[in-house]
Amino acid sequence: MAINPDYLGREYPAPEAYEVTRGKIREFAEAINDLNPAYLDKASAKALGYADVIAPPTFPVILGMAGSALALADPDLGVDFSRVVHGDQSFRYSRPLRAGDVLSTVTRITDIKVLGGNELITMETVAEAADGEHVVTAGMMLVVRGS
(Lines give C-alpha, C1' and ligand atoms only; values in the text may rest on other atoms or scores of the structure.)
Protein backbone atom coordinates (compact mmCIF):
# COMPACT_ATOMS: atom_id res chain seq x y z
CA MET A 1 0.00 0.00 0.00
CA ALA A 2 1.47 3.37 -1.02
CA ILE A 3 1.55 6.39 1.25
CA ASN A 4 -1.08 8.84 0.11
CA PRO A 5 0.74 11.95 -1.22
CA ASP A 6 -2.40 14.04 -0.68
CA TYR A 7 -1.51 14.00 3.03
CA LEU A 8 1.57 16.18 2.50
CA GLY A 9 1.10 19.28 4.66
CA ARG A 10 -1.66 17.76 6.79
CA GLU A 11 -1.52 18.79 10.44
CA TYR A 12 -2.34 16.85 13.59
CA PRO A 13 -2.65 18.95 16.75
CA ALA A 14 -2.15 17.10 20.02
CA PRO A 15 -5.48 16.72 21.83
CA GLU A 16 -4.13 18.44 24.95
CA ALA A 17 -1.16 20.47 26.13
CA TYR A 18 1.88 18.62 27.48
CA GLU A 19 3.16 19.64 30.91
CA VAL A 20 6.90 19.15 31.35
CA THR A 21 7.50 18.14 34.97
CA ARG A 22 10.59 17.38 37.01
CA GLY A 23 9.37 13.80 37.32
CA LYS A 24 9.00 13.32 33.57
CA ILE A 25 12.44 14.84 32.97
CA ARG A 26 13.98 12.58 35.64
CA GLU A 27 12.30 9.46 34.20
CA PHE A 28 13.50 10.28 30.70
CA ALA A 29 17.05 11.06 31.86
CA GLU A 30 17.19 7.79 33.78
CA ALA A 31 15.76 5.85 30.82
CA ILE A 32 18.52 7.14 28.53
CA ASN A 33 21.12 6.80 31.33
CA ASP A 34 22.09 10.49 31.23
CA LEU A 35 22.27 11.62 34.83
CA ASN A 36 23.42 15.16 34.14
CA PRO A 37 22.68 17.18 37.32
CA ALA A 38 20.98 19.88 35.21
CA TYR A 39 18.27 17.29 34.46
CA LEU A 40 17.87 16.02 38.00
CA ASP A 41 18.64 18.74 40.54
CA LYS A 42 17.06 22.21 40.62
CA ALA A 43 20.02 23.73 42.48
CA SER A 44 22.45 22.41 39.86
CA ALA A 45 20.26 23.75 37.06
CA LYS A 46 20.05 27.15 38.79
CA ALA A 47 23.85 27.24 39.12
CA LEU A 48 23.96 26.90 35.32
CA GLY A 49 21.53 29.81 34.88
CA TYR A 50 18.26 27.94 34.48
CA ALA A 51 15.12 28.63 36.53
CA ASP A 52 14.51 24.90 37.03
CA VAL A 53 15.75 21.54 35.74
CA ILE A 54 16.01 21.26 31.99
CA ALA A 55 15.19 18.29 29.78
CA PRO A 56 17.75 16.23 27.86
CA PRO A 57 18.08 17.30 24.21
CA THR A 58 16.20 14.24 22.90
CA PHE A 59 13.22 14.67 25.25
CA PRO A 60 11.03 16.18 22.49
CA VAL A 61 10.55 12.74 20.95
CA ILE A 62 7.79 12.51 23.54
CA LEU A 63 6.16 15.70 22.30
CA GLY A 64 5.65 14.31 18.80
CA MET A 65 4.09 11.05 19.90
CA ALA A 66 0.47 12.25 20.06
CA GLY A 67 0.43 13.88 16.63
CA SER A 68 2.41 11.18 14.85
CA ALA A 69 0.18 8.50 16.39
CA LEU A 70 -2.89 10.30 15.01
CA ALA A 71 -1.30 10.48 11.56
CA LEU A 72 -0.09 6.89 11.45
CA ALA A 73 -3.42 5.56 12.69
CA ASP A 74 -5.25 7.16 9.76
CA PRO A 75 -5.91 4.26 7.35
CA ASP A 76 -6.23 6.64 4.40
CA LEU A 77 -2.61 7.79 4.88
CA GLY A 78 -1.59 4.29 3.85
CA VAL A 79 1.31 3.56 6.20
CA ASP A 80 1.77 -0.16 6.87
CA PHE A 81 3.21 0.12 10.37
CA SER A 82 4.43 -3.48 10.31
CA ARG A 83 6.99 -2.35 7.70
CA VAL A 84 8.14 0.85 9.48
CA VAL A 85 11.65 1.49 10.75
CA HIS A 86 12.92 4.73 12.25
CA GLY A 87 15.08 6.63 9.78
CA ASP A 88 16.05 9.96 11.32
CA GLN A 89 15.40 12.36 14.19
CA SER A 90 16.30 16.03 14.56
CA PHE A 91 15.68 18.92 16.95
CA ARG A 92 15.79 22.69 16.43
CA TYR A 93 15.62 24.58 19.70
CA SER A 94 14.79 28.18 20.51
CA ARG A 95 15.53 27.42 24.17
CA PRO A 96 15.84 24.35 26.42
CA LEU A 97 12.71 22.62 27.66
CA ARG A 98 12.35 23.14 31.38
CA ALA A 99 10.20 21.89 34.22
CA GLY A 100 7.01 23.91 34.34
CA ASP A 101 6.64 24.33 30.58
CA VAL A 102 3.13 23.71 29.29
CA LEU A 103 3.45 23.09 25.57
CA SER A 104 0.99 22.88 22.74
CA THR A 105 2.13 20.80 19.78
CA VAL A 106 1.16 20.38 16.17
CA THR A 107 2.62 17.61 14.02
CA ARG A 108 2.72 18.20 10.27
CA ILE A 109 3.63 15.82 7.44
CA THR A 110 6.43 17.68 5.67
CA ASP A 111 7.65 15.16 3.09
CA ILE A 112 6.56 11.94 1.41
CA LYS A 113 8.84 10.29 -1.13
CA VAL A 114 9.98 7.00 -2.61
CA LEU A 115 13.66 6.10 -2.45
CA GLY A 116 15.24 2.79 -3.39
CA GLY A 117 11.97 0.89 -3.29
CA ASN A 118 11.11 2.26 0.15
CA GLU A 119 8.70 5.03 1.10
CA LEU A 120 9.81 7.79 3.43
CA ILE A 121 7.50 10.00 5.46
CA THR A 122 8.82 12.98 7.37
CA MET A 123 6.91 14.72 10.14
CA GLU A 124 7.74 17.81 12.16
CA THR A 125 6.29 18.63 15.56
CA VAL A 126 6.34 22.27 16.59
CA ALA A 127 6.10 22.89 20.34
CA GLU A 128 5.08 26.29 21.67
CA ALA A 129 4.75 27.60 25.22
CA ALA A 130 1.43 28.92 26.49
CA ASP A 131 2.42 32.46 25.42
CA GLY A 132 3.06 31.33 21.83
CA GLU A 133 6.86 31.25 22.17
CA HIS A 134 8.47 28.66 19.90
CA VAL A 135 10.45 26.22 22.05
CA VAL A 136 11.46 23.36 19.78
CA THR A 137 10.72 21.73 16.45
CA ALA A 138 11.26 17.97 16.42
CA GLY A 139 11.66 16.20 13.08
CA MET A 140 11.15 12.50 12.49
CA MET A 141 11.57 10.48 9.32
CA LEU A 142 10.14 6.98 9.06
CA VAL A 143 11.03 4.43 6.39
CA VAL A 144 8.29 2.11 5.19
CA ARG A 145 10.24 -0.83 3.79
CA GLY A 146 9.28 -2.04 0.36
CA SER A 147 8.11 -5.60 -0.18
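The values are calculated or read from the model by the stated rules, or taken from the named source; none is laboratory data. Being a predicted model, the structure only gives us computed values, none of them experimental. Cβ: placed from backbone, ideal geometry, glycine included. Neighbour counts: every protein chain shown. In case anyone asks, the SASA skips ligands and DNA or RNA and just uses the protein heavy atoms, side chains included. Shrake-Rupley method; radii C 1.70, N 1.55, O 1.52, S 1.80 Å.
Given a 1.4 Å probe and every protein chain left where it sits, what share in percent of the accessible area of the chain is carbon and sulfur? The computed percentage sits at 53. Among residues other than Asp41 with Cβ under 12 Å from its Cβ, the summed charge is +3 (Lys and Arg +1, Asp and Glu -1). Accessible surface area normalised per residue over the chain is 54 Å², counting heavy atoms of protein chains with a 1.4 Å rolling probe.
Just read off the accessible area of Met65 with the full protein assembly in place, 1.4 Å probe, to the nearest 10 Å². Counting only protein heavy atoms, the figure is 120 Å². For the stretch 78-83, 3J(HN,Hα) computed residue by residue from phi via the Karplus equation (6.51, -1.76, 1.60; θ = phi - 60°) reads x, 8, 8, 5, 5, 10 Hz, glycine and proline entered as x.
Give me the distance in nm between label points sitting 7 Å out from Cα along the Cα-to-Cβ direction at Asp74 and Ser94, one decimal. About 2.5 nm, to one decimal. Partners of Lys24 within straight-line reach, counting lysines whose Cα lies under 30 Å from its Cα and excluding those fewer than 8 residues away in the same chain: Lys42, Lys46. Think of it as helices only: each DSSP H run of n ≥ 4 in the chain is worth -39500 (n - 2.57), and spread over all residues that comes to -5000 deg cm²/dmol at 222 nm. Our coupling estimate for the stretch 106-115, obtained by passing each phi through the Karplus curve with A = 6.51, B = -1.76, C = 1.60 and θ = phi - 60°, is 10, 9, 10, 7, 9, 7, 9, 8, 10, 8 Hz, Gly and Pro reported as x.
Residues in the stretch 136-147 carry Karplus couplings, in order, of 7, 10, 10, x, 9, 10, 10, 10, 9, 5, x, 7 Hz; the curve used is 6.51 cos²θ - 1.76 cosθ + 1.60 with θ = phi - 60°, and Gly or Pro positions show x.
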